[in-house]
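One structure is given below, encoded as structure tokens.
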Amino acid sequence: MDDALNSFTITLVAGLIGGLVAASLAARANRAFRPPPPRDQSPAERYPRALALVIAAHLVVTAWISIGLFLLLVLLAAAGLRPGAFMFLPPGIFVAAAAVYFALVVSLRCNSCSRRVLLQSTTTPPYAEPLRGLNAWGSIVVRVVSRAPFRCMYCGQRYHVGVSDDSRSMEA
Ligand SMILES: [Zn+2]
């Protein structure tokens, strides 16, 4: 029981410290952010590296699923089941997906403003299109995975990933 209480306290304190660090980093990023010239009136274009973008977005979804799977295994372990080595599978998948994602994402830039379309560098990008409670970045991930059109969150340039039904759109 003491062990459980200790783990809880450590998790709580780590969470609080993590939250404060994240908030301070976000505030610093927000101060440093300078919006690029708007391109929201430009016609939609096919994203030049559509395949790499689609793969990167799927890696994010893979990472999200691995987090869900890990939480499920934690619940099962708490309920007395012993997932054993399976416990390490979701974190392994997460790390692998994140590594490939970041390797890909640094080169996935907006054609108009050169910013990285799948990296959010400010909490309130000017052209965020939030989808069902997700932030600007998460919404672009979901749109790309769904093959829906999206726009650069920084300059507003509209893109599609080159499928036949470009007219399909997702509204919040
Ligand atoms: Zn842009």
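The values are calculated or read from the model by the stated rules, or taken from the named source; none is laboratory data. As the structure is a computational prediction, the values presented were derived from the model and not from experiment. Heads up, the Cβs are rebuilt from the backbone with ideal geometry, glycines too, and the neighbour counts pull from every protein chain shown.
Have a look at C155, C113 and point out the one that is within 15 Å of the ligand (Cβ to nearest atom), in a loop (DSSP other than H, G, I, E, B) and either touching a Ser or Thr at 6+ places or on another chain (Cβ under 7 Å) or polar (S, T, N, Q) (or both). Outline the logic, then answer.
Working: C113 fails: either touching a Ser or Thr at 6+ places or on another chain (Cβ under 7 Å) or polar (S, T, N, Q) (or both).
Just one listed residue meets the conditions, C155.
If you go through the stretch 1-47, how many residues are over 30 Å from C110 (Cα atoms), exposed (fewer than 10 other Cβ atoms within 10 Å of the Cβ) and aliphatic (A, V, I, L, M)?
Adding up the residues that qualify gives 3.
For the stretch 100-130, give me each residue that is crowded, with 17+ Cβ neighbours inside 10 Å and small (G, A, S).
S112, A128
Looking at (1) assigned to a loop (DSSP other than H, G, I, E, B); (2) under 18 Å from the mean Cα position of the chain (by Cα); (3) surrounded by 15 or more Cβ atoms within 10 Å (Cβ to Cβ), which is the only condition G133 fails?
The number of the failed condition is (3).
Among A44, A56, A50, which is touching a helix residue (DSSP H, G or I) at 6+ places or on another chain (Cβ under 7 Å) and modelled with pLDDT of 90 or more?
Details: A44 fails: touching a helix residue (DSSP H, G or I) at 6+ places or on another chain (Cβ under 7 Å); A50 fails: touching a helix residue (DSSP H, G or I) at 6+ places or on another chain (Cβ under 7 Å).
That would be A56, the only listed residue that is touching a helix residue (DSSP H, G or I) at 6+ places or on another chain (Cβ under 7 Å) and modelled with pLDDT of 90 or more.
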